[in-house]
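Structure first, then comments.
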Ligand code: NDP
């Protein structure tokens, strides 16, 4: 029997229990997966994680606003995957040989989702809009598959500073500098989550990807008028979960559960 939790605040909305139960069914595994609300401070987070693993827990997902705290905890008390180090955030925890291990499957989840959809990224121009945690997590996996990455953010200096952490080859600037054609355009801002339109004029792309899921997206609405192939972040959610499940159980699920 495997025991999993997702730690967040709020966490009642999380679809992770249903997603992982569907994965477990695929392999005939018996699991428990519950939501764990945690007060938003480091001491409470550490206490929740330690109690969970001391009580025989197998693996934990970490969602907002704890991904950076989980990174700090693993840096101090355990160790980190390369993806977690570059993302400076952790969304998946487990014990490896008794030591706390933190991974970040978000960025690879996005790349895998695009691959599932038949979008080849090698040598393609990919512009990422936003310079927050989600963008930080996807840059390295995009570079690894050979994409030519640009980053544009409302606050230009954040995009420039972020790009410099990864490579001098990344073009970075303000959203107002976005122009011309990109093979893939990824909206990794939280504008859609807050019901806002992006302050960008026009864009052209073959593929438009909205990281947010389950909300109307003015970004995708515009992209559709340009005949772009349009996707929301539901597949990224499933793919990051697949990678967590694989880390915890050794099985890579292929099902795409519909939990909406
Ligand atoms: P952050 O809060 O770390 O960053 C938010 C970014 O959005 C900043 O760059 C900010 O710009 C920008 N932004 C916010 N509002 C606006 C606006 N009105 N116009 C233009 N830019 C704006 O968020 P995350 O990076 O963690 O998450 C970004 C999105 O990705 C969220 O919608 C989240 O739900 C989604 N996501 C989806 C996942 C999935 O599995 N599908 C996984 C992870 C994230 P500035 O710097 O100027 O403030």
Residue among 177, 97, 68 with the largest mean-square fluctuation in a Gaussian network model of the chain, springs linking Cα atoms under 10 Å: 97
Rounded to 10°, Cα long-axis angle of helix 67-77 versus longest principal axis of the chain: 50
For 106, 168, order by how many other beta-carbon atoms lie within 10 Å, fewest first: 168, 106
Ascending count of other beta-carbon atoms within 10 Å, so fewest first, for 72, 82: 82, 72
Where labels lie 7 Å past Cα in the beta-carbon direction, separation of residue 26 and residue 47 in nm: 3.7
Relative contact order (percent, whole number), the chain, Cα cutoff 8 Å, 6+ residue spacing: 16
The range 1-54 shape via C-alpha gyration tensor axes, a/c threshold 1.5: oblate
Sequence of 100, 64, 114, 143 once ranked by neighbouring C-beta atoms within 10 Å, starting from the fewest: 64, 143, 100, 114
Residue among 225, 105, 189 with the largest mean-square fluctuation in a Gaussian network model of the chain, springs linking Cα atoms under 10 Å: 225
Angle between the chain longest axis and helix 234-249 axis [Cα atoms, degrees, rounded to 10]: 30
Mean projection area, nm², convex hull over Cα of the chain: 13.4
Structure-based [θ]222 nm, the chain - -39500 (n - 2.57) summed over DSSP H runs of at least 4, per residue, nearest 500: -11500 deg cm²/dmol
Residue with peak Gaussian network fluctuation, the chain [Cα springs, cutoff 10 Å], from 84, 228, 54: 54
Acute angle (nearest 10 degrees) that the helix 106-116 long axis makes with the longest principal axis of the chain, alpha-carbon atoms: 60
In nm, spacing of pseudo-spin labels at residue 37 and residue 193 (7 Å Cα→C-beta vector): 1.9
Contact order normalised by residue count of the range 89-153, Cα under 8 Å, 6+ apart, percent: 32
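We did not get these values from a lab; they are worked out from the coordinates using the rules stated. These numbers come from a predicted model, not from an experiment. We place every Cβ from the backbone using ideal geometry, glycine too, and count neighbours over all the protein chains shown.
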